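Data first, discussion second: the structure below is written as structure tokens.
The values are calculated or read from the model by the stated rules, or taken from the named source; none is laboratory data. Note that this is a predicted model, so its numbers are computed, not measured. Glycine gets a Cβ as well: all are built from the backbone with ideal geometry, and neighbour counts include every protein chain shown. Just the protein is used for accessible areas: all its heavy atoms, side chains included, with ligands, DNA and RNA removed. Shrake-Rupley method; radii C 1.70, N 1.55, O 1.52, S 1.80 Å.
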Amino acid sequence: MIDFVKGEGGGNDFVLTPYVEGFNYAEVCPRILKRRYGIGGDGLVVMNGKKMIFYNPDGSNVPFCGNAIRVFFRLLYLQGKVGKEDVLETEAGAVRLIYNDDDTVSALMPEISILEKKDNGVIVRCGVPHYVIPTENVEELNVEVEGAKLSNAIVGRNNVDWFKEKEGSVFMRVFERGVEGETLSCSSGIASMSFFVMEETGRDKLEVKTIGGEFETVRESSNRLWLTGEANIVFKGRVPEGEDSWEKKNLLI
């Protein structure tokens, strides 16, 4: 039996499961994360102590996911395994996190840098690469179609973020590689976009709205940002393992 926890941060939802030596997560996670047939989710978090290993729904392993590490921290805090402020490990390096009194979780995001300027935006890295594009018609944008076109802007592929200033805050939508579609929010994308806006305007704080929720970013240093938003544990369960359950019952096809 495989134990799991379902969690979400800003509508970006994940399946969290303990690390098991020798288990092929890359092969299994596309089935687990397939909506309506499996548990469903935007990513799989493999929990190895205080280290996160992250997989996309297509089975690709990526070094970082900002919402996932915040959800992982919330779970460990509820389990009494970390304090209100602690450090977790990712394949992109250590991440400092804080559990706040209003039940939000803050993360000091990985170092951010602008990799390349494009005609309509910039490529920014915050653990993973994002193509950040100012867009006036962000609400009407066909994210699935445009994202598929623009997610190959660099070798190894990239996520795509569109944003615009709106009523004192910034509204953003995102296409995530590996998910191959729109997610309701993306912390590394929010941090990448915020860094770009802060560099352009000199601001050190932004309120960011996404389809899935609201976030706050605050500049810590020249290339680091704090990101704060909701991170929730939704439910826990157990998936039966083996041919007699997954394959015959078509649970994970």
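What the table shows:
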item: All positions within segment 176-211 that are touching a helix residue (DSSP H, G or I) at 6+ places or on another chain (Cβ under 9 Å), open to solvent by 10 Å² or more (accessible area, probe 1.4 Å) and either assigned to a loop (DSSP other than H, G, I, E, B) or of a type in the set (Val, Ile, Thr) (or both); result: Arg177, Glu180, Arg203, Asp204, Thr210
item: Residue ID - surrounded by the most Cβ atoms within 10 Å (Cβ to Cβ), chosen from residues in segment 215-235 that are out of contact with any Leu (no Cβ under 7 Å at 6 or more places or on another chain) and under 13 Å from Asn12 (Cβ atoms); result: Ala231
item: Residue ID - farthest from Asn61 (Cα to Cα), chosen from residues in segment 121-144 that are of a type in the set (S, T, N, Q) and open to solvent by 70 Å² or more (accessible area, probe 1.4 Å); result: Asn137
item: Failed criterion for Asp58 (all others in (1) charged (D, E, K, R); (2) under 17 Å from the mean Cα position of the chain (by Cα); (3) not in a loop (DSSP other than H, G, I, E, B) hold); result: (3)
item: Enumeration of residues in segment 35-55 that are surrounded by fewer than 22 Cβ atoms within 10 Å (Cβ to Cβ) and either among the basic types (Lys, Arg) or under 10 Å from the mean Cα position of the chain (by Cα) (or both); result: Arg35, Arg36, Lys50, Lys51
item: Of all residues in segment 145-175 being hydrophobic (A, V, I, L, M, F, W, C) and either touching a helix residue (DSSP H, G or I) at 6+ places or on another chain (Cβ under 8 Å) or within 25 Å of Leu206 (Cα to Cα) (or both), the one that is most open to solvent (accessible area, probe 1.4 Å); result: Phe171
item: Residue among Arg203, Arg224 that is touching a residue at least 60 places away in the same chain (Cβ under 8 Å) and charged (D, E, K, R); result: Arg224
